[in-house]
Structures are given as C-alpha cells and as structure tokens.
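Participant: I'd like to ask some things about the structure below.
Values in this text are rule-based calculations from the coordinates and carry no lab data. All of these numbers come straight from a predicted model, not from anything done at the bench. We place every Cβ from the backbone using ideal geometry, glycine too, and count neighbours over all the protein chains shown.
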Amino acid sequence: MTDLTGRTVLLPRSPGRAAGLEALLRHAGAEVTVAPVIERAPADDPEALATAVADVVAGRYTWVVITSVNAVDALAAAARAPLADAPVRWAAVGPATVRALAAAGITAELVPDEATADSLVSAFAAPSGPARVLLPLGDLARPTLRDGLAALGWQPDVVTAYRTVRSDLPDDVARRRYDVVVVTSGSVAREIAAQHGTVTPVVAIGRPSAEAAHAAGLTVAAVADHPTDAAIAAAVTTACEGAP
C-alpha cells in the first residue's frame, strides 16, 4: 500500500467494526478518526422476528438470505435453538456476511460475485415449485431482493431484523477537515452528508453505496473492488493519490 503519511481519514463505523480497516490505514501512515454516524437498534416488532426464526428452525423456509452482519446477530439473538441445525439453505451477499454466518456455525451455499442485492437475485435460479424465502432486513432496506426473487417465482417474506438509527458525530469530528471519508452503506452516506457536509471526497465500499453517496451530493473519489478491509484500504490509497 502507498504511504499515507499526513493523510486524514474519517471512518464512520463503530470501533469494533472499524478495527481491521483502521489498523491497515494506520499501518500505511494515515491519521484515522473512528466515529459512527449510524447504529443498530432492535426491531419495533420483536415478535415478528421471533416467529420468523421459529419458522426457519421448523423447516418452513427453503432459503434464508443474509445481507448484513446485523441480520445474523438479530437472528441469533431471537433463536431458541441453534440456527446451524435449521433445515434451510443460506445465501449471503458478501464476505462479511459469510464470516458472520460461519461464526454461527452456518455455511453460506450461495454468494454472488458482486456484493449487491441485484447480483444476489441473479445468483438464484427459478424454483421448481412453491418455495418460501426469508429476507431478514433492516428497516431501511430497498425492495430489490423481495421484488427480484418474487419475479423469479419465489415466495419472499420480509421481516425487519433491526432498525438503523442516527448516531451524532462529536462536534469536533464533524467540523474537522479530512482527505477522505469512507462510506460503507447508503445510510452512512446520507448521514455523512447531513452531519459533515458534502465537501470531503468519499470512498465507497461498493456500487450501491457509491450510488447513494452521489444521490446525497457527495463526491465519490474511489469505489472498493470488493467489500473487504484490504480492498477499501486500497481504494482509500487510490483516492488519496488523486487528491492534492
């Protein structure tokens, strides 16, 4: 990785989720500020989530589709029996969700080449008969998965697994100038625009985050090739190389 000495990076994630990327950037010489702009909150209807998890364990679903680590955590918290024993197949949107499932003893059988909802839909074949799919999503999720799978002939059930709520940046962090801000979701992009402004260029974790950043008025300097710490760090390097 190129020397990032003297470069300042805002990493708006929780300290636990930011640790790996923070270490890579600091090792390259960057000054990194970690401060989340969103956080997870429980679903408003925990009984709906508990019922969905019970149906998974009872074998009433063919697939469960995972699009975030938060969804894995929420399912595990709602489960009264090990999810790894459930007679269901698991799909995961990308490397982080694959790892989260593996930590719960679950193997993801379907993972798209690109970590997007569109690619996840494309990775599914049409079912041979009636088949239910559970989509445990955040409250702000777009209907891409639901609509795409329904168009293929699946019977998708959406349950809210968690809510995304705002976390305010400290005043000194919000006012400071940075060379790059990393955005890891559309929600993060929108909060960065609202709390920090749109002057600082951003590095996006993937295409959907980049699109959300553009829509929020942010300038996208680079997009990671993959949703991994190493790829995001490489994108930060690319963005800094092109900056004054």
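Participant: I'm checking my understanding of the structure. Among residues of the range 181-196 that are out of contact with any Leu (no Cβ under 7 Å at 6 or more places or on another chain) and in a loop (DSSP other than H, G, I, E, B), which one is nearest to residue 228 (Cα to Cα)?
Facilitator: The qualifying residue nearest to residue 228 (Cα to Cα) is 184.
Participant: With (1) in contact (Cβ under 8 Å) with a residue 40 or more places away in the chain; (2) within 21 Å of residue 75 (Cα to Cα); (3) surrounded by fewer than 20 Cβ atoms within 10 Å (Cβ to Cβ); (4) not aliphatic (A, V, I, L, M) as the list, and residue 164 as the residue in question, which single condition is left unmet?
Facilitator: Tallying (1) in contact (Cβ under 8 Å) with a residue 40 or more places away in the chain; (2) within 21 Å of residue 75 (Cα to Cα); (3) surrounded by fewer than 20 Cβ atoms within 10 Å (Cβ to Cβ); (4) not aliphatic (A, V, I, L, M), residue 164 fails exactly one: (3).
Participant: Just a yes or no: is a residue in the range 74-88 exposed (fewer than 15 other Cβ atoms within 10 Å of the Cβ) and touching a residue at least 60 places away in the same chain (Cβ under 8 Å)? Can you show your working first?
Facilitator: The initial filter retains those residues of the range 74-88 that are exposed (fewer than 15 other Cβ atoms within 10 Å of the Cβ), namely 77, 80-82, 84-85, 87.
Narrowing the set further to residues that are touching a residue at least 60 places away in the same chain (Cβ under 8 Å) leaves none.
Within the range 74-88 (the criterion being exposed (fewer than 15 other Cβ atoms within 10 Å of the Cβ) and touching a residue at least 60 places away in the same chain (Cβ under 8 Å)), the answer is no, since none of the residues qualifies.
Participant: Any idea how many residues of the range 52-72 are touching a residue at least 60 places away in the same chain (Cβ under 8 Å) and assigned to a helix (DSSP H, G or I)? Walk me through how you get there before you give the answer.
Facilitator: Of all residues in the range 52-72, those touching a residue at least 60 places away in the same chain (Cβ under 8 Å) come to 52, 55-56, 60-68, 70-71.
Checking the rest, the ones that are also assigned to a helix (DSSP H, G or I) come to 52, 55-56, 70-71.
Matching residues across the range 52-72 total 5.
Participant: Name every residue in the range 20-42 that is part of a loop (DSSP other than H, G, I, E, B) and under 29 Å from residue 78 (Cβ atoms), in order of residue number.
Facilitator: In the first step, residues of the range 20-42 are kept if they are part of a loop (DSSP other than H, G, I, E, B); the result is 28-30, 35-37.
Answer for the range 20-42, where residues must be part of a loop (DSSP other than H, G, I, E, B) and under 29 Å from residue 78 (Cβ atoms): 36, 37.
Participant: Follow-up question, since we're still on this one. Of all residues in the range 8-33, which are among the polar types (S, T, N, Q) and under 18 Å from residue 99 (Cβ atoms)?
Facilitator: Our first condition is that a residue be among the polar types (S, T, N, Q); within the range 8-33, this holds for 8, 14, 33.
14, the sole residue that qualifies.
Participant: Would you say residue 199 is among the β-branched types (Val, Ile, Thr) and either assigned to a loop (DSSP other than H, G, I, E, B) or without any contact (Cβ under 8 Å) to a residue 24 or more places away in the chain (or both)?
Facilitator: Working: among the β-branched types (Val, Ile, Thr): yes; either assigned to a loop (DSSP other than H, G, I, E, B) or without any contact (Cβ under 8 Å) to a residue 24 or more places away in the chain (or both): yes.
So residue 199 passes the test.
Participant: Among the residues of the range 144-180, which ones are of a type outside the set (D, E, K, R), in a strand (DSSP E or B) and under 19 Å from the mean Cα position of the chain (by Cα)?
Facilitator: Taking the range 144-180 first, the residues of a type outside the set (D, E, K, R) are 144-145, 148-156, 158-162, 164-165, 167, 169-170, 173-174, 178, 180.
From what's left, in a strand (DSSP E or B): 155-156, 158-162, 164-165, 180.
Of everything in the range 144-180, those that are of a type outside the set (D, E, K, R), in a strand (DSSP E or B) and under 19 Å from the mean Cα position of the chain (by Cα) turn out to be 158, 159, 160, 161, 162, 164, 165.
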